[in-house]
Amino acid sequence: MKHFDQQAKEWDNDPKKTERAIIIANEMIDFIQPNKTMNAFEFGCGTGLLSYQLKDSFKTITLADTSEGMIKVLQEKITDENINNFKPRLVDLLEDDSVINRSEFDVIYTLMTLHHILEIDKILEIFNAMLKTGGYLCIADLVQEDGSFHTNVPGFDGHNGFDRAALSAVLSNHGFKVDYNEIPLEIEKEFDKKVRKYPVFLMICKKIN
């Protein structure tokens, strides 16, 4: 978590991160058609770049992260811009999900966070409990890659992206039906003066049971 704490203050300075958030937000809005009666939850919110693009689409957005540095930057943005429907939470759901009410949310979304989570079954079980029946879970993350994406991240021990068919099967086992499964963007990284492209998928799933 220190990695993200250290990066928090500079996080928003990369325009590509904002571009990424805009693309995913637009895809979500087009598919879900959210409205101001709906409550949303962002898992692994960082500084809130994705939720910022969705702030006018939901009644409330609860933004959760385990990085104190990220939440601090987010809280400063909320204060500076007087955003009154954001609810930031410094919490690790895998350690303590009691802070979240059951069946509270219409939409849960996460961007480039799931590959950091080793216990996929556990977090999907928690998401299912948090969502209303018929609610949506939106996962934007890396398509399975060769492990090079995190070359410069010390101590990374997460997933090297996801096989989308395998993830769909796991989601199905946890009461979700995948309604949307596309690749809306790629992330470019340069290694040894060579540019590598890493596709990012967006899955939108409905809680059916």
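FYI, it's all coordinate maths here, none of it is from the lab. In this text the structure is predicted, and so the values were computed from the model without any measurement. Don't worry about glycine lacking a Cβ; one is built from the backbone with ideal geometry, like all the others, and counts go over all protein chains shown.
Quick notes
- Candidates Leu118, Leu54, Leu171, ranked by Gaussian network fluctuation over the chain, Cα under 10 Å, top entry: Leu118
- Toward the positive end of the charge dipole of the chain, with +1 on the Cβ of Lys and Arg and -1 on the Cβ of Asp and Glu, the farthest Cα among Pro34, Asn152, Leu124 is that of Pro34.
- Across region 2-207, C-alpha contacts under 8 Å between residues 6 or more apart give a mean separation that, scaled by the residue count, equals a relative contact order of 18 percent.
- For the listed residue pairs Lys55/Lys177; Lys72/Lys194; Lys77/Lys177; Lys17/Lys207; Lys72/Lys189; Lys87/Lys194, the alpha carbons are over 30 angstrom apart in Lys72/Lys194; Lys77/Lys177; Lys87/Lys194.
- Arg196-Lys72 FRET efficiency (beta carbon distance; Förster radius 41 Å; 0.05 resolution): 0.80
- Spin-label zone in region 123-150 - amide nitrogen under 17 Å from a point set 7 Å from the Cα of Val170 along the C-beta vector: 123-129, 137-147
- Whole-Hz ³J(HN,Hα) from phi, Karplus 6.51 cos²θ - 1.76 cosθ + 1.60, for region 45-55, glycine and proline x: 6, x, 8, x, 4, 6, 4, 4, 6, 10, 5
- Per-residue ³J(HN,Hα) for region 105-119, Karplus 6.51 cos²θ - 1.76 cosθ + 1.60, θ = phi - 60°, Hz, x for Gly and Pro: 10, 8, 9, 10, 9, 8, 10, 6, 10, 4, 5, 8, 9, 6, 8
- Cα pair distances of the chain binned at 5 Å [whole percent]: 1, 7, 15, 20, 22, 18, 10, 4, 1, 0
- Net charge contributed by nearby residues that have their C-beta within less than 13 Å of Leu202 (K/R +1, D/E -1): -4
- Dimensionless Rg ratio for region 44-156, taking C-alpha atoms and the 2.2 N^0.38 Å reference: 1.11
- Sites count as exposed loop sites when they are trypsin sites (Lys or Arg not before Pro), lie in a DSSP loop, and have at most 13 other Cβ atoms within 10 angstrom; the longest stretch of the chain without one is 103-192.
- Phi to ³J(HN,Hα) by Karplus 6.51 cos²θ - 1.76 cosθ + 1.60 over region 29-36, Hz, x for Gly, Pro: 4, 4, 7, 7, 6, x, 9, 6
- Between Glu81 and Gln33, the distance separating the two model label sites (each 7 Å from Cα on the Cα→Cβ line) works out to 2.7 nm.
- At an R0 of 22 angstrom, the distance between the Cβ atoms of Lys16 and Asn181 translates into a FRET efficiency of 0.40.
- Distance in nm between pseudo-label sites at Asp56 and Glu104 (7 Å out along the Cβ direction from Cα): 2.7 nm
- Using only side-chain charges placed at the Cβ, +1 for Lys and Arg and -1 for Asp and Glu, the dipole size of the chain relative to its Cα centre rounds to 420 debye.
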